[in-house]
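Report on the structure given below.
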Amino acid sequence: EAYSSATALANMAKEKITAADLYTVGTVGKIKQLVHIPEGGVRIVVDGKKRATVVEYDDNANPMHAELLIKSIEVHDNGGVRGEALVQGTHDALDNFIEYLPRFSPELSLTVKSLKSPGILADFVACNVLIRYEDKQKVLEEFEPLRRLELLSYIMESELLIMRTESEIHRRVREQID
């Protein structure tokens with residue numbers, strides 16, 4: 001089995017990447033598929049297994065290497081009543097969110113509704129629903145599952161407010177045109 005770790009670029013515009021351009025929290029995962037694409041690059045499909053914090057990058061290695069601290073925090077009983085409330089709140093927020101995402105598949109919605117573990121729910125929604133990679137990174141950097149789900153809910157509510165405002169502006173503009 002092949003495993004890899006990945007961190008996102010903090011500065012996407014740079015051509016030569018150094019450790020300073022990378023986030024320090026990423027994912028360790030099992031490589032599922034490796035595809036060479038015509039442009040000369042490689043597309044890698046990875047099944048994320050654990051979060052990891054970079055202890056130290058080795059800029060001199062090619063490819064760059066890093067020493068990682070793999071972390072795992074378990075929540076017993078899915079966080080009890082607080083966890084259940086956060087899961088339900090996230091499901092409700094997602095229902096509101098979907099109204100503004102026309103391409104959101106019903107299958108994805110059903111999958112989300114079936115998730116009861118706060119950490120898994122937060123990770124799945126962040127990966128598949130959030131638009132901005134900075135928001136995805138914020139969720140990734142929170143190791144504690146209940147706090148992660150709470151952070152996700154806050155991000156989704158903020159995005160929902162923006163989408164509602166944009167929708168209202170578009171509605172007013174259309175009314176003025178008509």
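Got at least one residue in region 150-161 being in a loop (DSSP other than H, G, I, E, B), touching a helix residue (DSSP H, G or I) at 6+ places or on another chain (Cβ under 7 Å), open to solvent by 30 Å² or more (accessible area, probe 1.4 Å) and closer than 22 Å to Thr27 by Cα? No, the conditions are met nowhere in region 150-161.
The residues on offer are Val45, Val28, and the sole one that is under 18 Å from Cys127 (Cα atoms), at pLDDT below 85 and either of a type outside the set (Lys, Arg) or not in a loop (DSSP other than H, G, I, E, B) (or both) is Val45. Within region 88-111, residues that are assigned to a loop (DSSP other than H, G, I, E, B) sit with their Cβ atoms under 7 Å from residues that are open to solvent by less than 30 Å² (accessible area, probe 1.4 Å) and among the aliphatic types (A, V, I, L, M), at 6+ positions apart or across chains, in these pairs: Tyr100/Met163. Filtering region 140-149 to residues that are crowded, with 20+ Cβ neighbours inside 10 Å and assigned to a helix (DSSP H, G or I) leaves Leu140, Pro145, Leu146, Arg148, Leu149. Of all residues in region 31-42, which are over 20 Å from Ala61 (Cα atoms), assigned to a strand (DSSP E or B) and open to solvent by 70 Å² or more (accessible area, probe 1.4 Å)? Result: Lys32, Gln33, Leu34, His36.
Pairs are defined by a Cβ separation below 8 Å, a sequence spacing of at least 6 or placement on different chains, a first member in region 163-178 that is touching a residue at least 40 places away in the same chain (Cβ under 8 Å), and a second member that is not hydrophobic (A, V, I, L, M, F, W, C); the pairs so defined are Met163/Tyr100; Arg164/Tyr100; Ser167/Tyr100. The set of residues in region 48-65 that are closer than 24 Å to Ile120 by Cα and touching a residue at least 24 places away in the same chain (Cβ under 8 Å) comprises Gly48, Lys49, Arg51, Ala52, Thr53, Val54. The residues on offer are Glu15, Glu74, and the sole one that is over 21 Å from Cys127 (Cα atoms) and either assigned to a strand (DSSP E or B) or open to solvent by 60 Å² or more (accessible area, probe 1.4 Å) (or both) is Glu15.
For Asp123, the conditions (1) farther than 26 Å from Glu166 by Cβ; (2) free of Cβ contacts under 8 Å to residues at least 12 places away in the same chain; (3) acidic (Asp, Glu); (4) open to solvent by less than 80 Å² (accessible area, probe 1.4 Å) are fulfilled apart from (2). Only residues that are within 22 Å of His91 (Cβ to Cβ) and either of a type in the set (D, E, K, R) or open to solvent by 60 Å² or more (accessible area, probe 1.4 Å) (or both) were counted in region 162-177, giving 2.
Residues checked against (1) over 22 Å from Lys136 (Cβ atoms); (2) in contact with a helix residue (DSSP H, G or I) (Cβ under 8 Å, 6 or more places away or on another chain); (3) surrounded by 11 or more Cβ atoms within 10 Å (Cβ to Cβ); (4) aromatic (Phe, Trp, Tyr):
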position	(1), (2), (3), (4)
Leu9	no, yes, yes, no
Thr24	no, no, yes, no
Thr27	no, yes, yes, no
Val46	no, no, yes, no
Asp59	yes, yes, yes, no
Leu94	no, yes, yes, no
Tyr100	no, yes, yes, yes
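Using the structure shown, decide if Ser117 is open to solvent by less than 50 Å² (accessible area, probe 1.4 Å) and modelled with pLDDT under 90. No: the conditions fail for Ser117.
The values are calculated or read from the model by the stated rules, or taken from the named source; none is laboratory data. On a predicted model such as this, the values are computed, not experimentally measured, just so you know. A quick note on method: Cβ atoms are made from the backbone with ideal geometry, for glycine too, and the neighbour counts reach across all protein chains shown. Each accessible area value is taken on the protein alone, full model and side chains, heavy atoms only, with ligands, DNA and RNA left out. Shrake-Rupley method; radii C 1.70, N 1.55, O 1.52, S 1.80 Å.
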